[in-house]
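Below: the structure, in structure tokens.
The values are calculated or read from the model by the stated rules, or taken from the named source; none is laboratory data. These numbers come from a predicted model, not from an experiment. Note that each Cβ is placed from the backbone with ideal geometry, even for glycine, and that neighbours are counted across all protein chains shown. Calculation scope for accessible area: heavy atoms of the full protein, side chains included, ligands and nucleic acids excluded. Shrake-Rupley method; radii C 1.70, N 1.55, O 1.52, S 1.80 Å.
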Amino acid sequence: MAGSRIDDLWGRRTPYRSGGTWPVRVDEHYEEGITPADVEQWVPTASLLHSNGDAMDIAVADGRIVGVRGRAEDRVNHGRLDIKDLHAWTANSSADRLTVPLVRRDGELVETDWDTAMDTVVARCRREMETKGPRSIGFYTSGQLFAEEYYTLATLARAGLGTNHLDGNTRLCTATAGEALKESFGSDGQPASYTDVDHADVIALFGHNAAATQPVLWMRILDRLAGEAPPQLLVVDPRTTPVAEHATVHLAPRPGTNLALLNALVHETIARGHVDRDYVHSHTVGYEKLAAQVSGCTSQWAAEICGLAAAEITAAAELLGGSERLLTTVLQGFYQSHQATAAAVQVNNLVLLRGMLGRPGCGVLQMNGQPTAQNTRECGANGDLPGFRNWQNDEHIDQLAEVWNVDPLRVPHFGPSTHAMQMFRFAEQGSLTFLWISATNPAVSLPELARIRTILADENLFVVAQDIFPTETTALADVVLPAATWGEKTGTFTNADRTVHLSQQAVAPPGQARSDLDIFCDFARRMDLRDRDGEPLVHWHDPESAFEAWKRCSAGRPCDYSGMSYALLRERGGIQWPCTAEHPDGTERLYLEGEFWAAPANCETYGRDLGTGASVEATTYEALNPQGKALLKGAAYTPAHEEVDDDFPLHLITGRTIFHFHTRTKTARAPALNDAAPQVWVELAPQDAAEHDLSSGDQAEVVTARGSLRGEVRIGTCRTGVVFVPFHYGYWDSDHPAGPASAAQGTAANETTVTDWDPVSKQPLFKLSAARLEKVTS
């Protein structure tokens, strides 16, 4: 099919030189038999299947979506689309969309109307509030809704119901990004921009397989590599990914040793005299303590821990130290490991030590996984308060109370918001008895799935599932609410380099499906949530009025949207925040003058101990950083809780394939994507395959202390001793949609993963399970 590009994942090269402008290349794909001449309407939007924010137009004919094309003028992608952008829209018209509400009657989900479904939800919520209080209520949302929807959810949960049990599935993919930025710069917010790829002479990717996770960003890097004066790449990844194949230096450390490696790179940077001492003196605190922390972390020390040669680490340090324009990126390879935040912070430290901030080609992108993960954090729908406000700062609480017109005591701030892993533990223990899950599928995506299924199926837990398709989670819910999706509703979202796009409704949602914003507003109205003057707490009524409410909340904070409007986004396309009256065109890079959001009165957090996760008190922070400089923080390497042993001698890591998103509830319903990757596989090194008498195409069982899964063997890219399994696969398209037919018939990677998390970000450890392999002979 023309434009399908299934066999040419990154398309043709358009080389450009350092400092040049990335050439335009417009990618497009249409329904069989449709040409651009058949399109009746083009509707602007951006990709909702990764965090890159690829701008595109939806092609509409006869009231339905018939194709997409990239937007040539947009700053993010210059017309390019990745393989999911090109094909996933076909899932919107899948025959098994949820189109009517469902309620559980006598153990079965049966169709009902919206009034019955919402009244059931409201009645149960009121009962739990009256008998157990607001801390019996929890919301677990997504990284796939729009900013307007997250802000509405945060408002009704925090100021309406008074619960702090609100988190997103971004806890699984992005929490460490936000925490690492806060620990180093005082606030969330990516310092760098995608345009820094155009200028960098060294690009260092730490645990970031951009070729699969942000393919259009990878196309940009590939085009730089194909042009004059290409950048050199440093890649840290235990697999030889397509990114690693282009590396000048590729380090494949043993899983669980990222912090040891980064401590060595920081040590070598200092020892080899690569520190920009003027920058460090003027704009940072903590240098002496950090230098002392890593003083013994030589390349030789780290080499033994990481399973690398000392010369490899030294070569990486020289590459970083010799750069003139250093751009660094970080993703799940670091985020989903123990000591995740500590390791990600060391990447920030390298950038600060080298003075590589605020100028073209320099900076750090602590990447996001999901498309609207940034909005989850900004709008307070995860563990943060809206507008990157500090729960320990009473003035910040007063600001929120004023925005919402409620008493400050109504906004729960006795501690940090409850993270998702703790919420499910509370549900397991029985103190959380009402859980509203929107646009996510924890019955496949959370670790230790047998436990999660037991929690969700517990009759004492009332589960509301709001989604667009039947999933493993909706199969266990008490009420299922059919939602509209991308192309069927309007709203804004923000990519990993702070670019905000307006995604406009192109077609009507199927059946009775409603936008998530409509559902949340309906709930707030039925609960009769009001402000201190007796007026409706959620006083907005459509996407644009919700955006205006969010703008007011964001004003004066790092993620300031006050200079944006729907009209401006329609006119210009993507705009980077902060966008204010002083910066009406947005802001390409943060911290140009070495000024940070780290002053005690402004910072989003006073920080945590990177080793234990313990919160730093305000007085301690004020004494450490009265002038609000960037913070250089260190931590000692410690081994993971779960190490390999004789019973489980292999490291199991999970990850993504370019063809699927999250738990593939959308992408598996796009035939081209599903055909490209229809089933789970088990990937291992040739030496491990030989040791287990396995060949490509054999069936292997991966077994851990929690459970097992079976998949087809692929031999190739892992370092010896490491097994890789993609995490997307579950059971909704099988004969037993809520889970495996038996413990021995698992296909979901998270049947095997461990319930454990990083002490700072609380992100689960999907890349640190001890496992063994068994050949399936029958």
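Only one of Asp528, Asp533, Asp560 is closer than 16 Å to Thr587 by Cα, in a loop (DSSP other than H, G, I, E, B) and acidic (Asp, Glu). Can you tell me which?
Result: Asp560 is the single residue among Asp528, Asp533, Asp560 that is closer than 16 Å to Thr587 by Cα, in a loop (DSSP other than H, G, I, E, B) and acidic (Asp, Glu).
Test Tyr151 against the criterion of being in contact with a helix residue (DSSP H, G or I) (Cβ under 7 Å, 6 or more places away or on another chain), more than 30 Å from Pro360 (Cα to Cα) and open to solvent by less than 10 Å² (accessible area, probe 1.4 Å), and give yes or no.
Here the answer is yes, as Tyr151 does meet what is asked.
Exactly one condition in (1) in a helix (DSSP H, G or I); (2) over 30 Å from the mean Cα position of the chain (by Cα); (3) touching a residue at least 12 places away in the same chain (Cβ under 8 Å) is false for Ser295; which is it?
For Ser295, the failing item is (1).
Just to be sure before I move on: is Asp74 part of a loop (DSSP other than H, G, I, E, B), in contact with a strand residue (DSSP E or B) (Cβ under 8 Å, 6 or more places away or on another chain), on the phi < 0 side of the Ramachandran plot and modelled with pLDDT of 95 or more in the structure I sent?
So Asp74 passes the test.
Among the residues of the range 583-592, how many are among the acidic types (Asp, Glu) and at pLDDT below 95?
Counting residues in the range 583-592 that are among the acidic types (Asp, Glu) and at pLDDT below 95 gives 0.
Residues Thr753, Thr777: which one is part of a loop (DSSP other than H, G, I, E, B) and surrounded by fewer than 23 Cβ atoms within 10 Å (Cβ to Cβ)?
One residue alone meets the criteria, Thr777.
Which of the residues belonging to the range 90-111 are more than 26 Å from Arg64 (Cα to Cα) and free of Cβ contacts under 8 Å to residues at least 24 places away in the same chain?
Arg105, Asp106, Gly107, Glu108, Val110 - these are the residues of the range 90-111 that are more than 26 Å from Arg64 (Cα to Cα) and free of Cβ contacts under 8 Å to residues at least 24 places away in the same chain.
Yes or no, residue by residue, for (1) at pLDDT 95 or above; (2) more than 30 Å from Leu259 (Cβ to Cβ); (3) surrounded by fewer than 21 Cβ atoms within 10 Å (Cβ to Cβ):
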site: Trp550; (1), (2), (3): yes, yes, no
site: Ser554; (1), (2), (3): yes, yes, no
site: Cys559; (1), (2), (3): yes, no, no
site: Ser565; (1), (2), (3): yes, yes, yes
site: Gly573; (1), (2), (3): yes, yes, yes
site: Leu610; (1), (2), (3): yes, no, no
site: Ala618; (1), (2), (3): yes, no, yes
site: Asn625; (1), (2), (3): yes, no, no
site: Lys633; (1), (2), (3): yes, no, no
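Take the conditions open to solvent by less than 40 Å² (accessible area, probe 1.4 Å) and among the aliphatic types (A, V, I, L, M) and apply them to Leu435. Does it pass?
In short, yes.
On the basis of being of a type in the set (Ser, Thr, Tyr), open to solvent by 10 Å² or more (accessible area, probe 1.4 Å) and either within 29 Å of the chain's Cα centre (by Cα) or more than 25 Å from Thr471 (Cβ to Cβ) (or both), does Ser193 make the cut?
Taking the combined requirement at face value, the residue does not satisfy it.
For the range 33-51, name all the residues that are more than 18 Å from Gln504 (Cβ to Cβ) and either at pLDDT below 95 or part of a strand (DSSP E or B) (or both).
Correct list: His50, Ser51.
With the requirement that a residue be small (Gly, Ala, Ser), open to solvent by less than 10 Å² (accessible area, probe 1.4 Å) and closer than 24 Å to Ala229 by Cβ, what does the range 322-352 give you?
Across the range 322-352, the qualifying residue is only Ser323.
Is it the case that the range 209-226 has a residue that's farther than 24 Å from Gln370 by Cβ, of a type in the set (Gly, Ala, Ser) and modelled with pLDDT of 95 or more?
yes
Given the criteria hydrophobic (A, V, I, L, M, F, W, C), part of a loop (DSSP other than H, G, I, E, B) and at pLDDT 95 or above, does Val100 qualify?
When the stated conditions are applied, Val100 passes them.
Just to be sure, is Asp85 assigned to a loop (DSSP other than H, G, I, E, B), open to solvent by less than 40 Å² (accessible area, probe 1.4 Å), among the acidic types (Asp, Glu) and at pLDDT 95 or above?
Here the answer is no, as Asp85 does not meet what is asked.
Looking only at the range 589-603, count how many residues are within 17 Å of Val616 (Cα to Cα) and exposed (fewer than 15 other Cβ atoms within 10 Å of the Cβ).
Result for the range 589-603: 1.
So, of the residues in the range 644-666 that are touching a residue at least 40 places away in the same chain (Cβ under 8 Å) and of a type in the set (D, E, K, R), which turns out to be most open to solvent (accessible area, probe 1.4 Å)?
Asp647
Within the range 464-506, track down each residue that is open to solvent by less than 10 Å² (accessible area, probe 1.4 Å), within 20 Å of the chain's Cα centre (by Cα) and aromatic (Phe, Trp, Tyr).
Phe493
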